[in-house]
Every structure is written in C-alpha cells, then in structure tokens.
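Participant: Structure incoming, see below.
The values are calculated or read from the model by the stated rules, or taken from the named source; none is laboratory data. Values in this document were obtained by computation on a predicted structure and should not be read as measured data. Neighbour counts run over all protein chains shown; Cβ positions are idealised from the backbone, glycine included.
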Amino acid sequence: MNGVPKWRLACGLLVLAALGFFAAILAPLYLHAFELHEYVSGLTNDAANRDRSDDGLVRMVLAKSRSLNLPVTADGVQITRGAGDLRIEVHYRVKVDLPGYTVELHF
C-alpha cells in the first residue's frame with residue numbers, strides 16, 4: 001500500500017499553516033469592520049437619529065470606530081439625508097504588514 005509522500009504532507013501542512021496565519025491576522029479586521037457596519041446600520045434605522053445633527057452622528061461613528069481600533073476619520077464619514085431617509089457611509093483604509101508583503105484594505 002502506497003501512502004502519500006512525506007514531502008506532499010509537509011507542503012500541505014505548510015499551506016494550511018500559512019492560511020491559518022493570514023486568517024488570524026485578517027479576521028479581526030473584518031470582524032471589526034462588520035461590527036462597525038452593523039452599528040452604522042442601526043443608527044440609520046433608528047428614527048430618533050434622523051433629527052440628530054450631522055456632527056453628532058459623525059461623533060457617534062468616530063467613537064464606535066475608536067472603540068474597535070479602526071482608523072476612521074471625520075472625512076471618511078459621509079451623511080446623506082433624503083425625504084425621511086438617512087444614509088451614512090463610512091470609508092477607511094487599514095494597512096496590514098504581512099511578512100514580506102504589505103496590503104492596504106479598503107472598507
């Protein structure tokens with residue numbers, strides 16, 4: 001009975017370890033981005049926030065992003081109001097230094 005060559009097992013384990021490493025670095029960023037998205041979505045769905053000033057809403061978004069360690073600036077928060085409608089967009093970039101490579105994630 002011929003088994004899988006040891007070098008193939010070693011390569012497979014190396015690939016899995018690399019994927020796990022990248023997931024451990026990137027997953028918290030994506031989870032925090034999702035958490036901020038849910039928070040902003042809750043702000044727009046709450047009727048009480050439709051009467052809040054834009055500056056007040058920006059401060060709320062910035063406070064939440066600071067609590068999540070996300071680099072959101074006031075310039076990255078855009079508020080649009082329509083007929084009884086409130087829309088908040090948040091744009092920011094996170095620079096991630098990986099071994100041998102740097103990536104900039106845009107949210």
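For (1) within 30 Å of residue 102 (Cβ to Cβ); (2) hydrophobic (A, V, I, L, M, F, W, C); (3) modelled with pLDDT under 95, each residue gets a yes or a no:
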{"site": "1", "(1), (2), (3)": "no, yes, yes"}
{"site": "31", "(1), (2), (3)": "yes, yes, no"}
{"site": "54", "(1), (2), (3)": "no, no, yes"}
{"site": "67", "(1), (2), (3)": "yes, no, no"}
{"site": "73", "(1), (2), (3)": "yes, no, no"}
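Participant: Taking segment 39-69 as the region of interest, how many residues are surrounded by 11 or more Cβ atoms within 10 Å (Cβ to Cβ) and either acidic (Asp, Glu) or not in a helix (DSSP H, G or I) (or both)?
Facilitator: Matching residues across segment 39-69 total 4.
Participant: When segment 51-107 is examined, which residues are found to be among the aromatic types (Phe, Trp, Tyr), in contact with a helix residue (DSSP H, G or I) (Cβ under 6 Å, 6 or more places away or on another chain) and free of Cβ contacts under 8 Å to residues at least 60 places away in the same chain?
Facilitator: 92
Participant: Looking for whichever is among the hydrophobic types (A, V, I, L, M, F, W, C), part of a helix (DSSP H, G or I) and over 17 Å from the mean Cα position of the chain (by Cα) here; the options are 13, 86. Which one fits?
Facilitator: Checking each option against the conditions leaves just 13.
Participant: I'm told residue 61 meets every condition in (1) within 18 Å of the chain's Cα centre (by Cα); (2) β-branched (Val, Ile, Thr); (3) modelled with pLDDT under 95 except one. Can you identify the failing condition by its number?
Facilitator: So the condition that residue 61 fails would be (3).
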